[in-house]
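Scroll down for the structure; my scribbles are underneath it.
The values are calculated or read from the model by the stated rules, or taken from the named source; none is laboratory data. Everything numeric here is computed off the predicted structure, so don't read it as measured data. When we count neighbours, we look across all protein chains shown, and the Cβ atoms used for this are built from the backbone with ideal geometry, even at glycine. Note: areas computed on protein heavy atoms with side chains; ligands, DNA, RNA excluded. Shrake-Rupley method; radii C 1.70, N 1.55, O 1.52, S 1.80 Å.
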Amino acid sequence: MSRRDEPGVKAKDMSTAEEKRFFRRVRTALGHAPDVSRDVKQLFAEGPSAEDLQMLDRIDRRSTADRQTLLERLREAGKPINLKVTTVPDADAARSAVVAVVGEKNPEWGGSKSVAAWRHPLIDRLGLEEALGRLDVPLRITEPLDPSAGRECDQAERDRQRAGIIASFIGVTAADFCMADTATLVMRNRPGQPRSVALVPSIHIAVITLDQILVDMKELFALLRWDERYRPEGLSNYMSFISGPSKTADIEATMVHGAHGPREVHLFVITELAG
């Protein structure tokens, strides 16, 4: 007979005892007294630590040469995960690079080409609509939904945009940051910038500027928590971390790209344009 089946032992008592044992193990593993609960203020800092301040200062003082070094780290980290990193000098060159990919690649199914793109200041600067128009390739911009529209109109617009993204073989987005050590794009979900543009089409093209490259997640979270430029939005309710194209080896341990998302990811880094 287990102790739970013994007379007089209630499930609630067992649950409480198990919880206590669990938290004792956690506290011990973290190097704290096993039976002493810490005040919530000890768990969540009210201000940046000395390490955070040093990190923020280092990011703020990062020179162009330092950023070029980070770019090379990003390029090297991207090679084994098939992230194609290309530098371009300005928005015009970025537009030409995007158009070249659209012209070179063919859809996985169907014969017609279409492209979905975020409504985003950096993407707007590229002027893709006119350039793709010369290739007779329609560009579907994911506009923010009108908050004053009725529920029925709102749902109709969602369905229209979703259908456009599904029909597109290339999705073009910006990003908030890119972490060089792991070649990881960081993208937050906002009106007019749905994550589906980066996840549904067969090819994802991301465009960023040189000053958006960080070292790692420590720098990312220091900025989001303590830098006044990013604190108002802070740690939003959704962030995508994208490291190269979708890949899986579930079937016979054979690596396959594009099984659960884009089969190709192209990253264009603009070196002479601040974000």
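State which residue is farthest from residue 94 (Cα to Cα) when the search covers only the stretch 113-166 and only residues that are in contact with a helix residue (DSSP H, G or I) (Cβ under 8 Å, 6 or more places away or on another chain) and among the β-branched types (Val, Ile, Thr).
165
Any residue in the stretch 150-168 that is under 30 Å from residue 49 (Cα atoms) and either modelled with pLDDT of 90 or more or touching a His at 6+ places or on another chain (Cβ under 9 Å) (or both)?
To start, the set of residues in the stretch 150-168 that are under 30 Å from residue 49 (Cα atoms) comprises none.
No, the stretch 150-168 contains no residue that is under 30 Å from residue 49 (Cα atoms) and either modelled with pLDDT of 90 or more or touching a His at 6+ places or on another chain (Cβ under 9 Å) (or both).
Considering only residues of the stretch 258-275 that are closer than 19 Å to residue 123 by Cα and modelled with pLDDT under 85, which is least open to solvent (accessible area, probe 1.4 Å)?
Once the filter is applied, the top-ranked residue is 273.
Got a number for residues in the stretch 137-166 being hydrophobic (A, V, I, L, M, F, W, C), assigned to a helix (DSSP H, G or I) and open to solvent by less than 70 Å² (accessible area, probe 1.4 Å)?
Going through the stretch 137-166, the residues hydrophobic (A, V, I, L, M, F, W, C) turn out to be 137, 139, 141, 145, 149, 153, 156, 163, 165-166.
Right, trim to assigned to a helix (DSSP H, G or I) and you get 153, 156, 163, 165-166.
Next cut, open to solvent by less than 70 Å² (accessible area, probe 1.4 Å) only: 156, 163, 165.
Number of matching residues: 3.
Would you check if there is a residue in the stretch 26-40 being in contact with a Ser or Thr (Cβ under 9 Å, 6 or more places away or on another chain), under 30 Å from residue 219 (Cβ atoms) and at pLDDT 65 or above? Full working, then the answer.
Quick first cut of the stretch 26-40, residues in contact with a Ser or Thr (Cβ under 9 Å, 6 or more places away or on another chain) only: 27, 34.
Remaining after also requiring under 30 Å from residue 219 (Cβ atoms): 27.
Those left that are additionally at pLDDT 65 or above: 27.
Checked against the condition, which is being in contact with a Ser or Thr (Cβ under 9 Å, 6 or more places away or on another chain), under 30 Å from residue 219 (Cβ atoms) and at pLDDT 65 or above, the stretch 26-40 yields at least one hit.
Consider the stretch 193-222. How many of its residues are open to solvent by 10 Å² or more (accessible area, probe 1.4 Å), over 22 Å from residue 60 (Cβ atoms) and of a type outside the set (Ser, Thr, Tyr)?
Here the count works out to 5.
What are the residues in the stretch 228-247 that are open to solvent by 40 Å² or more (accessible area, probe 1.4 Å), in contact (Cβ under 8 Å) with a residue 12 or more places away in the chain, of a type in the set (Ser, Thr, Tyr) and more than 11 Å from residue 189 (Cβ to Cβ), if any?
243
Restricting attention to the stretch 189-223, report how many residues are in a loop (DSSP other than H, G, I, E, B) and either under 19 Å from residue 101 (Cα atoms) or touching a helix residue (DSSP H, G or I) at 6+ places or on another chain (Cβ under 8 Å) (or both). Please lay out each step first, then the result.
Within the stretch 189-223, the subset in a loop (DSSP other than H, G, I, E, B) is 189, 191-192, 194-195, 200-202, 215-216.
Checking the rest, the ones that are also either under 19 Å from residue 101 (Cα atoms) or touching a helix residue (DSSP H, G or I) at 6+ places or on another chain (Cβ under 8 Å) (or both) come to 194, 200-202, 215.
Going through the stretch 189-223 one residue at a time, the tally reaches 5.
Could you list, in sequence order, all residues of the stretch 88-113 that are open to solvent by 60 Å² or more (accessible area, probe 1.4 Å) and within 12 Å of residue 203 (Cβ to Cβ)?
Passing the criteria: 104, 106, 108.
I'd like to check which helices (runs of 4 or more DSSP H) are fully inside the stretch 44-136 and have at least 1 residues that are under 26 Å from residue 199 (Cα atoms).
Numbers: elements: 50-60, 64-78, 91-104, 121-126, 128-133.
Those helices (runs of 4 or more DSSP H) span 64-78, 91-104, 121-126, 128-133.
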